[in-house]
Amino acid sequence: MYSKSGDFLGAVQWYDSARKEGIQLGQYHYAVLLYLCASAAVGVVQPAKSGSGARTLNRLDLLNEDVTTNRVKFGEEDEVVSNDLLSIGARGIEGNAGKMDLRSNRTNGNVEYTDEIKSIRQNFNGFPKPNAHVSDRLNDVGKTKGDSSDIENEAIDQEDQVVIFDENLKKFAVEKGFEIYREMCSDKVPMNEATLTSVARMAMSIGDGDMAFDMVKQMKPMGINPRLRSYGPALSTFCNSGDIEKAFEVENHMLKNGVYPEEPELQALLRLSIAVGRGDKVYYLLHKLRTSVRKVSPYTADLIEDWFKGKVASRLGKRKWDERDIREAIKNHGGGWHGKGWLGRGKWSVSRASVGSDGSCKCCGEKLATIDLDPWETEKFAKSVAALALKREKNSSFQKFQKWLDYFGPFEAVIDGANAGLFSQQRFLPAKVNAVVNGIRQKLPLRRWPLIILHNRHITGKKMEVPVNRAIIDKWRNKDALYLTPTGSNDDWYWLYAAIKFKCLIVTNDEMRDHTFQLLGNDFFPKWKERHQVRFSFSDAGPEFHMPPPCSVVIQESENGHWHIPILLEHEYEADRTWLCVTRASSGLATRPEDLQLHQWSEQHVMEDKDPQDGVDPFSETLQPNHDNVRKSPPETHQNLKNIFAAAVSSYDSTLLSELDTAERCGNCIIDFQI
């Protein structure tokens, strides 16, 4: 009752009455009470959310706008509390709550507070103030483009009403929450993930990241599997306070326990890493975003852009690298990234661009990679889908389908018949499926008949006996292009498995986000879906197909160290997608096999043009075929520079050019002018 209305004070009064009357409370009661205390401690209670496990880590000090939903405020009328459950620790409120001692004694049914708790009751002034330098950097990072409406759109879903608390009630909620937790321990009521996470959130509210982290560390020894939300309070607190080592310790603990951070967690770590100038961590997080998120939100894109435009980023990177090694790494990884660290030095150029129909960036012209599953991954993915389907399908129906595919396959495309036949209307129309079949055939290399997967209920009934409908269905059957799934089966497993098995296209508008597809995880499915799904629509001219994008829509790192980062769309039409194009004007020195022939030619050309009276050849050392000292340059540019330098040296032995030549020889490099 109290949780549904968000009545924290009513719940506390009920708890005090129950304790006074000697009523024994169970795990559920404690879980609800601790949830309400934790929510009130951070300033916001969402009605009807108790026990839902709402994640506490969504943004790091971002949602500084007023809650736009209806609000009920307790306490001071001029107190405005943001609905950002993460921004609390970074507001710089003075005071130090210290660390709470959760142990206490009971006397006459009343809780005896420890000295630490008494001190908090009397002198509670807020939260620990983070390191001033880090706090300033955290406040600066990502706010240059911050649009409150965009940020609010990315926030957690709000209930119709939220209850806002002032500082005094937040202090009271912290005290009462820890009192209830100690009583739960004293009564030896078993803990669960929800109760420990609520205690961690209370610890977060007083800026005690160590306590919040300890709550998570206790879970495994108790036989409790921590969840993603369990880590939010500790990670939030350490990120807010600028403690990067402990923040990544939390992330490492997550991974060891099989919990994988999502974009909110990675975004918080990224913002902290940028604030403290840790380029190694930024590089690591870009690749974590690449594997787990693929396409970033607009706010994350702003963070990344801020990083590349900063001075720290321009100073990081290898001056020399083996280009063959980079290419080999990209090949071994399947394309799109090498993971060898930042390449090159100098200022980055960041632009917002789109990708053309040929897969090339319209800003820099670089061809982006197309990344698909390799044969081993495809086989493994197909086996995992088959294993899941066999567990869920009845009477060996899926095994019969596998045998049918072995006999009638392969196919160039598979059509989700129900999705096509029910497009934009409530009743199934074979004619629409037939239009999709005829349309996609024209786009297939061999123009074979695609496989149509339909649940058998769609071809039964009087309407399917209409001559035109019956003729269409009979035609599909005669072409061995129709498979009917049996009653009680899920046709999603059938068309998905067939498309994976034959490495072909799947024609469907299904976004593949429901429980069935969540079982597949993120190892192979997103990559496969992007390269094989064909969406469709209808116009007056017939069906229109949206083929797979010309490149993989995922964060990409090129062999010259440049980056292309796709930004999320409200819809999935790739032509409208914006990418961050991140390039560097001077990438440094890269060795490659072609450089030997290039520089041998350059040396011969200069020696032919050189006047014997000029004395020492200024290029004699830099033109030796030493692969470690070669700068990657286009042949024409290299030739023009050598001609200019050679002509200048023959006439002006003591000019600025000759001094630059000497500097190049001493520095064992080539000086590049960027104008």
For region 390-397, does any single residue satisfy the condition of being at pLDDT 90 or above and surrounded by fewer than 14 Cβ atoms within 10 Å (Cβ to Cβ)?
-> no
Give region 432-447 a look and list any residue that's surrounded by 13 or more Cβ atoms within 10 Å (Cβ to Cβ), part of a loop (DSSP other than H, G, I, E, B) and touching an Asp or Glu at 6+ places or on another chain (Cβ under 9 Å), or say none.
-> 444
Of the conditions (1) loosely packed, with under 15 Cβ neighbours inside 10 Å; (2) closer than 19 Å to residue 503 by Cα, residue 478 clears all except one; give me its number.
-> (2)
Might you let me know whether region 302-313 holds any residue that is basic (Lys, Arg), modelled with pLDDT of 90 or more and assigned to a helix (DSSP H, G or I)?
-> yes
Considering each residue of region 531-566, count those that are among the β-branched types (Val, Ile, Thr) and either more than 21 Å from the chain's Cα centre (by Cα) or surrounded by fewer than 19 Cβ atoms within 10 Å (Cβ to Cβ) (or both), and give that number.
-> 1
Would you be able to say whether some residue in region 576-585 is at pLDDT below 95, in a helix (DSSP H, G or I) and of a type outside the set (S, T, N, Q)?
-> yes
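Residue-by-condition table, conditions (1) charged (D, E, K, R); (2) in contact with a helix residue (DSSP H, G or I) (Cβ under 7 Å, 6 or more places away or on another chain); (3) assigned to a helix (DSSP H, G or I); (4) over 26 Å from residue 259 (Cβ atoms):
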{"residue": "162", "(1), (2), (3), (4)": "no, no, no, yes"}
{"residue": "173", "(1), (2), (3), (4)": "no, yes, yes, yes"}
{"residue": "177", "(1), (2), (3), (4)": "no, yes, yes, no"}
{"residue": "198", "(1), (2), (3), (4)": "no, yes, yes, no"}
{"residue": "204", "(1), (2), (3), (4)": "no, yes, yes, no"}
Could you please find all residues in region 237-274 being of a type outside the set (Ser, Thr, Tyr) and assigned to a loop (DSSP other than H, G, I, E, B)?
-> 242, 243, 257, 258, 259, 261, 262
For region 499-549, which residues satisfy the criterion of being in a helix (DSSP H, G or I) and more than 20 Å from residue 295 (Cβ to Cβ)?
-> 499, 500, 501, 515, 516
Of the residues in region 481-498, how many are buried (at least 20 other Cβ atoms within 10 Å of the Cβ) and either part of a helix (DSSP H, G or I) or in contact with a Pro (Cβ under 9 Å, 6 or more places away or on another chain) (or both)?
-> 8
Take the residues of region 448-461 that are in contact (Cβ under 8 Å) with a residue 24 or more places away in the chain, part of a loop (DSSP other than H, G, I, E, B) and out of contact with any strand residue (DSSP E or B) (no Cβ under 6 Å at 6 or more places or on another chain): which is farthest from residue 537 (Cα to Cα)?
-> 448
Please verify whether region 216-236 includes one or more residues that are assigned to a helix (DSSP H, G or I), surrounded by fewer than 21 Cβ atoms within 10 Å (Cβ to Cβ) and either assigned by TED's automatic domain parsing to the domain that holds residue 170 or within 21 Å of the chain's Cα centre (by Cα) (or both).
-> yes
When residue 246 is run through (1) closer than 15 Å to residue 209 by Cα; (2) charged (D, E, K, R); (3) crowded, with 23+ Cβ neighbours inside 10 Å, the failure sits at (3)
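The values are calculated or read from the model by the stated rules, or taken from the named source; none is laboratory data. All values derive from a computational prediction rather than experimental measurement. Glycine gets a Cβ as well: all are built from the backbone with ideal geometry, and neighbour counts include every protein chain shown.
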